[in-house]
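Every read-out reported here was derived from the displayed coordinates using simple, explicitly stated rules and does not represent laboratory data. Quick caveat: nothing in here was measured; it's all calculated off a predicted structure. Because the Cβ atoms are built from the backbone with ideal geometry, glycine has one as well, and the counts that use them run over all protein chains shown.
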Amino acid sequence: MKRRIFGFYQLLYIVLSFHLYLCDEEGICDRRPLGTTTDPLPPDNRFLLEIKDAHDDKYIPKRQYEVRLFSRDKKTPFIAFTISLREDFIKNKYNPRKPIMLKAGFLETHSSFNNAKYSHTCNNTIIQSDITPKTETKVLWTAPEKNNKCVTIFALVAVQPTVWYSFEGPLSKQVCEDRRKADDMQPTENDNCQVCEDARYQLTIEGMWSPNTHQFTYPVTQELARFSDIVGASHNKDFALYTYNSEAGDGLKMLAEQGNTTKMELEILDMVNDDIQISLVRTLIKATAPPRPNMSTVTNFRVTRRHHLVSLVMALLPSPDWFLGVSNMELCDATTNMWAENITFNLYPLDAGTDSGLTFESPNDETSPPQTITSADIAPNRAPKEDTRPYARLLFHLVRTYSNLDCSEEHPATEETGGGTSDDNGGEPGDGEDGSEEKNKFEYRPSPVPTTTTSEQPPSVDPDTEESKCPMTTWSDWAVCDGECINNKVNGYQARYRQHVGDPTPECIEEAATEDFQPCSEDCEEEEPAPDENEEQE
């Protein structure tokens, strides 16, 4: 009976609170646009409210988000608006009739939009600064601290002084606290990176996908499970390999559906300019797929003060159009304005929105029209999203930094500068190509698995391929035997690598192997795994 009474009061509170959010008691706060007294029309999908980077309708406590109110066709104007917040609440065990109100964060005007101002009568509310026709406005929302559950951001839109639309449907967005672990969240993007050196990173892609850890989200034919090769770029803020909640490009479609990286590599190379200061991309990042989806592969890449973001993707195979990826990973720490020394980031499956298959081995079923990129919903009845474990992990490690002669006391960090000229693949530490001293923050150690390709100056050509249409480097030495240590014995695979030299044709990229694997066996010392108190039970 007590539960029914509380449920009744809870429902009553929700209804009354929204009424009061439009017009508070005694008329102190009137959120209706232009103070109109007419009744609102239900939203007709002409106008939309969205929260940038609030993936899966989740917010990270204390993070600032951009809230955008706009007309879908970019033509239909509105003259007035109200954007406001509604907080969540929890049960009050001492007084069920009066729930305890939580916090909703706060709204601010956006520096790039002068068509908005604070409301003088309503808290956490921003309204139009004039009634000139407009098709878009933006405000900033700083999310509340932890344990404040959900927040509803809503808008009211007026197209005429007496014609306005209520906060329902597309004009209302509820976002709830993101309770992911730190390794599931990307660092805050740095819009003003002022680091004064170029840097070189080692990237380890650590596979974590196996039938033991992903019992219900693994192909029925287990031996078919694998990752595709990895492709990506270090780039500036004007380049996007893919964008969550937007349609996939042709390169991503080919990779997600077929595991073929060719088209995506060419798309990235089209963004490389000889003048590094205006180039969108600094380095084409490539890595061969791990021999098995629970093994690792390694590559290296360069970043600069201008090109401090990293994006990369790899396909889950077989699958309709599922892939793993990261977009706009920030390496220039927004707090310290220094290169991040180490970053760990977990990867979960994404859906490219181009194939409607429901299982890993579904036949091709093209989605028409294509849908936007979202989180992949794999076996939802047996493996809920909240129980999904990472399929892979990215480990970024700062190997060394390079002095940049264009960034000195005479040329302050606020000036745009180009990348360094040192060769990633050779040279002694401390010796740049131009004779300048390189600043070493870490002792350089070669990767356990050599990088496959970068867009840096290529090494020498293997004499056996020099006269061919597809010149390659010589094969690297065989890497260490990679596999699980069972009964003090590793039975696994070892790999060796080579890379293309120059600007390979698409046929060359597709046909000339850049990796080679062979089975191996060697002794090892088995260790007891350290207990993980955060790991969930199977």
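Using θ = phi - 60° in the Karplus curve 6.51 cos²θ - 1.76 cosθ + 1.60, the 3J(HN,Hα) couplings for region 303-318 round to 10, 10, 4, 7, 10, 10, 10, 10, 9, 7, 9, 8, 8, 8, 10, x Hz; x is entered for Gly and Pro.
Of 338, 350, 363, which is farthest on the positive side of the dipole of region 288-380, counting Cα position, with +1 on Lys and Arg Cβ, -1 on Asp and Glu Cβ, and the Cα centre as origin? Projecting each Cα onto the dipole axis, the largest value belongs to 338. Local charge for residue 100 was computed over the other residues whose Cβ lies under 14 Å away, with Lys and Arg +1 and Asp and Glu -1, and equals +4.
Residue-wise HN-Hα couplings along region 260-276, as the Karplus relation 6.51 cos²θ - 1.76 cosθ + 1.60 with θ = phi - 60° gives them from phi, are 8, 8, 4, 5, 5, 4, 5, 4, 5, 4, 5, 8, 8, 10, 4, 8, 4 Hz; Gly and Pro carry x. For region 275-324, the relative contact order is 28 percent, taking Cα pairs closer than 8 Å that sit 6 or more residues apart in sequence and dividing their mean separation by the residue count. Sites listed here are chymotrypsin sites (Phe, Trp or Tyr not before Pro) in region 74-112 whose DSSP assignment is loop and whose Cβ has at most 10 other Cβ atoms within 10 Å: 94. For region 320-376, averaging the sequence separation of C-alpha pairs within contact (under 8 Å, six or more residues apart) and dividing by the residue count gives a relative contact order of 40 percent. The 3J(HN,Hα) values that the Karplus relation (6.51, -1.76, 1.60; θ = phi - 60°) gives for region 120-132 are, in residue order, 7, 10, 10, 6, 6, 9, 10, 10, 5, 8, 7, 10, 5 Hz. Gly and Pro appear as x.
Using a ≥ b ≥ c from the Cα gyration tensor of region 30-180 (square roots of the eigenvalues), is it rounded, prolate or oblate, where a/c under 1.5 gives rounded and otherwise the larger of a/b and b/c decides, a/b for prolate?
Prolate shape, in that a/c is at least 1.5 and a/b is the bigger ratio.
Taking H placed 1.01 Å from N in the peptide plane, check which residues at least 5 places from residue 166 or on another chain put their amide H under 5 Å from its amide H. Those lying under 5 Å, H to H, from residue 166 are 41. Scanning residues 5 or more positions from residue 375 or on other chains, those with amide H under 5 Å from its amide H are 351, with H placed 1.01 Å from N in the peptide plane. The number of Lys pairs in region 98-227 with C-alpha atoms less than 18 Å apart, excluding pairs fewer than 8 positions apart on the same chain, is 10.
Overall, region 263-329 carries a charge dipole of about 320 debye about its Cα centre when +1 sits on the Cβ of Lys and Arg and -1 on the Cβ of Asp and Glu, all other atoms neutral.
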